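Here is the structure we will look at, set down as structure tokens.
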Amino acid sequence: MDSHKGTRVFEGYALGKLAVYSSIKVEKAAGLGQEAEFARFEKAREETIAALDKSYMETLSKLGEEEAALFATHKLMAEDLDFEDAIRAELAADVSAEYAVQTAGAQLAEMFASMDDAYMKERANDVREVAARIVSALRKEDKGFCLNEPSIILCEDLPSSELMKLNKKMILGIVFAKGGTNSHVSILTRMLEIPSICETETLEVTPDLDGTFAILDAMKSELIIGPDSKLLTSYSKKKKEYEENKAKLQAFKGKPTLTKDGKKVAIYNNIASSFEVENALRNDAEGIGLFRSEFIYLEASDYPSEDEQFEHYKRVVEAMGKKQVIIRTLDIGADKKIDYFDLPEEENPALGFRSIRICKARPEIFLVQLQALYRASSYGNLAVMVPMIISLSEVKFIKEMAALARENLKARGLSFNKDMKIGIMVETPAAAVCSDLFAAEVDFFSIGTNDLSQYTMAIDRVNPNLSSSFNPRHRAVLRLIKMATDNAHAHGIPIGICGELARDEKLLPFFLKIGVDELSVSPAYTLSLREQISHIDTSKVDEADYL
Ligand code: PEP
Ligand code: MG
């Protein structure tokens, strides 16, 4: 038995044989002459384009325009004249069309991969994929990868076009040994709700693994190869329970979130990338309570431009329609480091240069983000919140910067919602204790219980040696939550919880009793939370028991 840890792409369990996918490698070989090989290439390209058109139409009808767009991009690449020139140049050495296409594709991909722009870097995979498709069309005898029985696909990475070609009923799960959670194929995998993990660093994808029995536990992001019968029995049970539970929860889709005694609360979702908005919608989230915008910065190799950010924000806001989307401004520092920010080394990073403190010192970065956010505000129901607030002077700074962002956009003739709501995160004891003062100045509160617990108990949230002492249900934390909730309501503003505690089964009765307006959790917990809430009768809850 052998086990490998990775990163989750989509939750669930899969038990079955591994099917190893490996891309075609063409050896250098002589061709039939330059013109004859070029004619073969042109024919294969035509076939590839026809297949891409077919994939486009299929994906459009099954998943929508955004997902289908990838195939239109691939078609453009197949038709690209620079690509064609590079192939001609390779053919001048009298090699086969297969070898020329593969080599030209690799060169072009290399060029994209070396670019600084994150979007252009991503195009490297697209070029490789298009080249592989043409090579496969040239090799008529090669039927490509197919699944004859339900299997867990094991690959280094998988072209999206290969995934779309496969019979989905045969895919139990996918392990991308390399990949990344936000690659195109990962996004498609999530949309298709296939249990999957990526970045399994310790796993080497070798052909001898083909046909080996394995368990994919995408809840724990683990692949277990060659499990014993005891483990198999326990996982079959887990999988069955998970599926039964999931099926039952579907009954809560489209329903309002109500307690047993009829109190209404909203369930929002936390997301870390604009692509995850699909998960939120699929799980019937009533809004987005926390979009961790810093991931846009973390994934880039340089400061993301206003336009780039705007595209991400717009995508989420538009997708959610009338439902509220709360985007959190940049929250880096502490455990989230970004090289190009060139942040100083610190003795106590969690208590150091972080979030709003960085924005105050580097207002130009904050302004670009606010402008992108205001631009996205005209596409739906967008609100913005700022993390790590401790003082009213920070709120004054935010308002001044917001006013400047509006003025700049006005001067540029761009539209925005001038009344976009601006709130703060209550995640420091300072913010909670002074929440009466903050409530008079901002449009809403959102409690970040992860940091509020860390700073209240003075226990580092990422120190594994202290995890047994980290008690986020500590009365001190709950008293601060109660204080902030009462102060928010006294000033007529709503309050939500977006930290991990929002889905704490033991604390749910307390949160509902004190009147928290919104709970924001990962998409996968939305329906189970709605179900739990439906069993709680707040008239029978005594908040004093928690305080
Ligand atoms: C929190 O602190 O509770 C929170 C939601 O923010 P993060 O976990 O991103 O710091
Ligand atoms: Mg926080």
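The values are calculated or read from the model by the stated rules, or taken from the named source; none is laboratory data. Because the structure is a prediction, the values reported are computed rather than measured. Heads up, the Cβs are rebuilt from the backbone with ideal geometry, glycines too, and the neighbour counts pull from every protein chain shown. Accessible surface is based on the protein model in full, side chains and every heavy atom, while ligands, DNA and RNA are left aside. Shrake-Rupley method; radii C 1.70, N 1.55, O 1.52, S 1.80 Å.
Give me the Kirkwood hydrodynamic radius of the stretch 338-379 in Å, from all C-alpha pairs, to one decimal place?
Evaluated over the stretch 338-379, this radius sits at 11.9 Å.
With a 1.4 Å probe and every protein chain kept in, tell me what percent of the accessible surface of the stretch 199-269 is carbon plus sulfur.
Carbon and sulfur: 56 percent of the exposed surface of the stretch 199-269.
Could you pull the Cα extents of the chain along its three principal axes, largest to smallest, in whole Å?
83, 64, 46
Taking all protein chains together and a probe of 1.4 Å, list SER355, SER301, SER61, SER136 from the most accessible to the least accessible.
Largest accessible area first, the residues go SER61, SER301, SER136, SER355.
On each of the three principal axes of the Cα atoms of the stretch 34-138, give max minus min coordinate, whole Å, ordered largest first.
Sorted largest first, the three principal extents are 43, 33, 18 Å.
Over the chain, calculate the relative contact order: mean separation of alpha carbon pairs under 8 Å at least 6 apart, over the residue count, as a percent.
It comes to 14 percent, rounded to a whole number.
Can you tell me the accessible area per residue over the chain, all protein chains present, probe 1.4 angstrom, in square angstrom?
Computed with neighbouring chains in place, this is 45 Å² per residue.
Take the Cα of LYS506, step 7 Å along the line toward its Cβ, and report every residue of the stretch 457-486 whose backbone nitrogen sits under 11 Å from that point.
Counting backbone N atoms under 11 Å from the label point, the list is 471-475.
Anything over 26 Å Cα to Cα? Flag those among LYS323/LYS506; LYS75/LYS168; LYS421/LYS506; LYS62/LYS237; LYS43/LYS178, in the order listed.
LYS323/LYS506; LYS421/LYS506; LYS62/LYS237; LYS43/LYS178
Output the relative contact order of the stretch 454-547, whole-number percent, from Cα pairs under 8 angstrom with separation of 6+ residues.
Relative contact order, the stretch 454-547: 27 percent.
On the full set of protein chains, 1.4 Å probe, figure out the accessible area of ASP335 and give it in Å² to the nearest 10.
Counting only protein heavy atoms, ASP335 exposes about 100 Å² to solvent.
Tell me whether the stretch 311-454 comes out rounded, prolate or oblate; compute the Cα gyration tensor, take square roots of the eigenvalues as a ≥ b ≥ c, and use a/c under 1.5 as the rounded threshold.
prolate
Fully extended, how many nm does the chain gain between GLU241 and ALA361 (0.36 nm per residue separation, minus their Cα-Cα distance)?
Value of the extension gain: 38.1 nm.
Pick out, from PRO509, ILE225, GLY289, the residue whose Cα sits farthest towards the positive end of the charge dipole of the chain, with +1 on the Cβ of Lys and Arg and -1 on the Cβ of Asp and Glu.
PRO509
Order ILE49, ILE495 by their accessible area, 1.4 angstrom probe, all chains in place, largest first.
ILE49, ILE495
Relative to the compact-globule scaling 2.2 N^0.38 Å, provide the ratio for the alpha-carbon radius of gyration of the stretch 131-216.
Dividing the Cα radius of gyration by 2.2 N^0.38 Å gives 1.09.
Sequence-distant or interchain residues sharing an amide H contact under 5 Å with GLY289, placed H: which?
Here ASN269, ASN270, ILE326 satisfy the definition.
Given a Förster distance of 41 angstrom, what is the FRET efficiency for ARG139 paired with THR73, based on the Cβ-Cβ distance and rounded to 0.05?
Rounded to the nearest 0.05, the efficiency is 0.95.
Modelling each spin label as a point 7 Å along the Cα-to-Cβ direction, I'd like the GLN250/LYS121 distance in nm, to one decimal.
4.0 nm
Compute the Cα gyration tensor for the stretch 463-541, then decide on rounded, prolate or oblate, letting a ≥ b ≥ c be the square roots of its eigenvalues: rounded whenever a/c is under 1.5, prolate when a/b is larger than b/c in the other cases, and oblate in all that remain.
Verdict is oblate for the stretch 463-541.
Between VAL426 and residues 5 or more places away or on another chain, which pairs have amide H atoms under 5 Å apart, with H built 1.01 Å from N, and which residues are they?
SER446, ILE447, GLY448
Simple spin-label model, 7 Å along Cα-to-Cβ: GLU204 to LYS230 in nm?
About 3.0 nm, to one decimal.
Quick one: length gained pulling GLU110 to GLU84 fully straight, 0.36 nm per residue minus the C-alpha distance?
Between GLU110 and GLU84, full extension yields 7.7 nm more.
Hey, any idea what % of the stretch 281-429's accessible area is carbon plus sulfur with a 1.4 Å probe?
Carbon-and-sulfur percentage of accessible area, whole number: 51.
Give me the percent of DSSP beta bridges within the chain that run antiparallel, rounded to the nearest 5.
DSSP beta bridges in the chain are roughly 30 percent antiparallel.
In percent, how large is the relative contact order of the stretch 34-138, given Cα pairs closer than 8 Å and 6 or more residues apart?
Relative contact order comes out at 32 percent.
Once label points are set 7 Å from the Cα along Cα→Cβ at both HIS489 and PHE470, what is their separation, rounded to one decimal in nm?
The answer from the label model is 3.0 nm.
Any idea what the dipole of the stretch 34-138 comes to, in debye rounded to 20, about its Cα centre with Lys/Arg Cβ at +1 and Asp/Glu Cβ at -1?
For this selection, approximately 280 debye.
P(r) for the stretch 252-545: what percent of alpha-carbon pairs falls in each 5 Å bin, starting at zero?
Over the stretch 252-545, the share of Cα pairs per 5 Å bin runs 1, 6, 12, 16, 19, 18, 14, 8, 4, 2, 0, 0 percent.
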